[in-house]
Amino acid sequence: MVDTFARIQAGRERQQLESDVIHDWYRFVLAYPDHLVTEMLEQFEAQPGDVVLDPFCGTGTTLVECKKRGIDAIGIEANPVCRLASQVKSNWDIEPQRLREVSQTIVERITPQSNALAFSSQPLFEDIYEVDGLKEKLLDDSPEARYFISSGMLKRGWMSEAPFYKSVLLLDEIKALAAKGIDGALISALMIALASILVETAANVSFGPEIYVSGKKEDANVLQAFCEKVNKMAADLEVVRELAAADEIADSNIQVIEGDARVCDHVLRENGISEAVDFVITSPPYPTEKDYTRQTRLELVFLGYVHGRKSLQRVKKTMVRSHSKGIYKADNDGRYVADVPEVQAIADELREKVADKTYGFAKVYPRIIEEYFGGMHRHLESLLPVLRSGGKCAYVVGDQRTYLRTYTPTGEILALLAERLGYRVLDTLVWRVRKGTTGSGKAIKEEIVILQKP
Ligand SMILES: C[S@@+](CC[C@H](N)C(=O)[O-])C[C@H]1O[C@@H](n2cnc3c(N)ncnc32)[C@H](O)[C@@H]1O
């Protein structure tokens, strides 16, 4: 274990570029460390010309590391905000100077309004700066802002009024760029800069590791944070583009698809991808009660991907079931593992434990286990036709005691499902051990399950 951990940490030293280059554009608490990807690419001896797939690509850690090494990669992701972040981070064609210029023009134009919004929120100035008309106009123009209010997010304090309206101002300006003929990739990059500073600067949220509303700040310097983010993005682009121009980074093709990794073969085929995948490096969800749409709710709403119950459900339903607020009557992935005793033993233990529980969510715990492993079974099965013979996969997962302290050895069961489907299990590396968060105090392993298609 020490060995694996040390090797993965040492991956940092072998990286050609500092960890924060590109990855920092938009961070996700649930991301894995980029040097873990470095280590796996090296273990697999992945080279330019190979194709790496991350079927649960999140914010693109695998894709960016592949791109830094000139290796082709494909990402599949169900959450549209994460998909956009992955796309932006793996597109280095944007002219850094152009990115700076466009953002500066926007910021200069809206600075007076942003200042008025800031002053109007201070008691001394509220009579001098009249911004009601401005707020009304912003709401008229922005269905995203209207939903943010009608869904109760403003009232519940996810953002305070002044930073909220400043962020809407910025959002509207970025959206307006399309009508001015500005390139879509550049607009997406600015959207990700906004998404990133929403969480880091504008909102009242913290992660621990769940997202929660914390310490209300009355105001925040939204425009300054945005400029700093865009400048960092431009500076990183300069670095990687210089390396590419000097042939230090080979050209590679990175594709990011919004889709459901439980039907990988279908998703790739639909998107015209026919080349075989050589390697998979990924961290799928695990059954931990983490709602990936809640972690990114602010960005999903602000960027207009979620504008009501239906649109939120659509995103949730594309995901592997892993928490009690994202499980539906019609779900039926459990049938794929109905004859797997190891999964049924956990579900049975939970059925017994929840029998006398009165709160509604507990009743679905056994189903989450079945739906989760059923979903992962479907994923592994759908991967087989697209993975080349001899192709290797690394699945980073953690054991759990989330549900009434019932031990769920996620890696062990995934390995078992993979074996049933015909994969070879080459190794299971324990790379981290942490204390359980459920009060049991018992250690919980995080593992990398290494599979191979014969
Ligand atoms: C642990 S996170 C991956 C984090 C990623 N390794 C990174 O560094 O950002 C798991 C991701 O899987 C996504 N996901 C869940 N179910 C999915 C599905 N069925 N298809 C595609 N993506 C899915 C979630 O939205 C989440 O972004």
Task: the range 393-421 residues that are among the aliphatic types (A, V, I, L, M), paired with ones that are modelled with pLDDT of 95 or more and in a loop (DSSP other than H, G, I, E, B) (beta carbon under 6 Å, 6 or more apart) - done: VAL396/SER283
Task: Count of the range 141-172 residues which are modelled with pLDDT of 95 or more, out of contact with any helix residue (DSSP H, G or I) (no Cβ under 8 Å at 6 or more places or on another chain) and not in a loop (DSSP other than H, G, I, E, B) - done: 2
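Looking at VAL88, VAL51, VAL131, which is the one that is among the β-branched types (Val, Ile, Thr), modelled with pLDDT of 95 or more, out of contact with any Pro (no Cβ under 6 Å at 6 or more places or on another chain) and away from the ligand (no atom under 14 Å from the Cβ)?
VAL51
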Task: Residue tally, condition small (Gly, Ala, Ser) and more than 8 Å from the ligand (Cβ to nearest atom), over the range 54-76 - done: 3
Task: Only listed residue being of a type in the set (Asp, Glu) and not in a helix (DSSP H, G or I), chosen from ASP24, ASP93 - done: ASP93
- [ ] Would you kindly identify the strands (runs of 3 or more DSSP E) lying entirely within the range 384-454 that contain at least 1 residues that are closer than 23 Å to ASP348 by Cα and at pLDDT below 95?
- [x] 387-398, 443-452
Open item on the list: Filter the range 409-427 down to the residues that are surrounded by 17 or more Cβ atoms within 10 Å (Cβ to Cβ) and touching a strand residue (DSSP E or B) at 6+ places or on another chain (Cβ under 7 Å) and list them by number.
Closed with: THR410, GLY411, LEU414, ALA415, ALA418, TYR423
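Give the range 44-90 a look and list any residue that's hydrophobic (A, V, I, L, M, F, W, C) and in a strand (DSSP E or B), or say none.
From the range 44-90, those hydrophobic (A, V, I, L, M, F, W, C) are 44, 46, 51-53, 56-57, 63-64, 66, 71, 73-74, 76, 78, 81-82, 84-85, 88; that's our starting set.
Across the range 44-90, the qualifying residues are VAL51, VAL52, LEU53, ALA73, ILE74, ILE76.
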Open item on the list: Considering only residues that are hydroxyl-bearing (Ser, Thr, Tyr) and assigned to a helix (DSSP H, G or I), which ones fall in the range 173-222?
Closed with: SER188, SER196, THR201
- [ ] Check HIS379 against each of (1) touching a residue at least 40 places away in the same chain (Cβ under 8 Å); (2) surrounded by fewer than 23 Cβ atoms within 10 Å (Cβ to Cβ); (3) not hydrophobic (A, V, I, L, M, F, W, C) and name the one condition it does not meet.
- [x] (2)
Open item on the list: Just checking, does the range 31-45 include any residue being under 18 Å from ALA244 (Cα atoms) and within 16 Å of the ligand (Cβ to nearest atom)?
Closed with: no
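Table: residues versus (1) buried (at least 17 other Cβ atoms within 10 Å of the Cβ); (2) more than 12 Å from the ligand (Cβ to nearest atom); (3) at pLDDT below 95.
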residue: HIS266; (1), (2), (3): no, no, no
residue: SER283; (1), (2), (3): yes, no, no
residue: LEU303; (1), (2), (3): yes, yes, no
residue: ARG314; (1), (2), (3): no, yes, no
residue: HIS323; (1), (2), (3): yes, no, yes
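Could you please let me know if LEU117 is outside any helix (DSSP H, G or I) and in contact with a Phe, Trp or Tyr (Cβ under 7 Å, 6 or more places away or on another chain)? Working first, answer last.
On the way: outside any helix (DSSP H, G or I): no; in contact with a Phe, Trp or Tyr (Cβ under 7 Å, 6 or more places away or on another chain): yes.
Here the answer is no, as LEU117 does not meet what is asked.
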- [ ] Would you check which residues across the range 331-360 are within 16 Å of the ligand (Cβ to nearest atom) and either outside any helix (DSSP H, G or I) or out of contact with any helix residue (DSSP H, G or I) (no Cβ under 7 Å at 6 or more places or on another chain) (or both) and list them?
- [x] ASP331, ASN332
TODO: Assess whether VAL397 counts as being buried (at least 23 other Cβ atoms within 10 Å of the Cβ), closer than 22 Å to LEU451 by Cα, out of contact with any Lys or Arg (no Cβ under 9 Å at 6 or more places or on another chain) and not aromatic (Phe, Trp, Tyr).
DONE: yes
Open item on the list: Condition first: surrounded by 15 or more Cβ atoms within 10 Å (Cβ to Cβ), farther than 30 Å from GLN313 by Cβ and more than 16 Å from the ligand (Cβ to nearest atom). Can you find one or more residues in the range 11-27 that meet it?
Closed with: yes
TODO: Output the qualifying pairs, or none if there are none: Cβ atoms under 6 angstrom, residues six or more apart or on different chains, first residue in the range 49-74 and at positive phi, second residue within 13 Å of the ligand (Cβ to nearest atom) and at pLDDT 95 or above.
DONE: GLY58/CYS82; GLY60/SER86; GLY60/LYS89; GLY60/SER90
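The values are calculated or read from the model by the stated rules, or taken from the named source; none is laboratory data. On a predicted model such as this, the values are computed, not experimentally measured, just so you know. For neighbour counting, all protein chains shown are included, and Cβ atoms are generated from backbone atoms with ideal geometry for every residue, glycine included.
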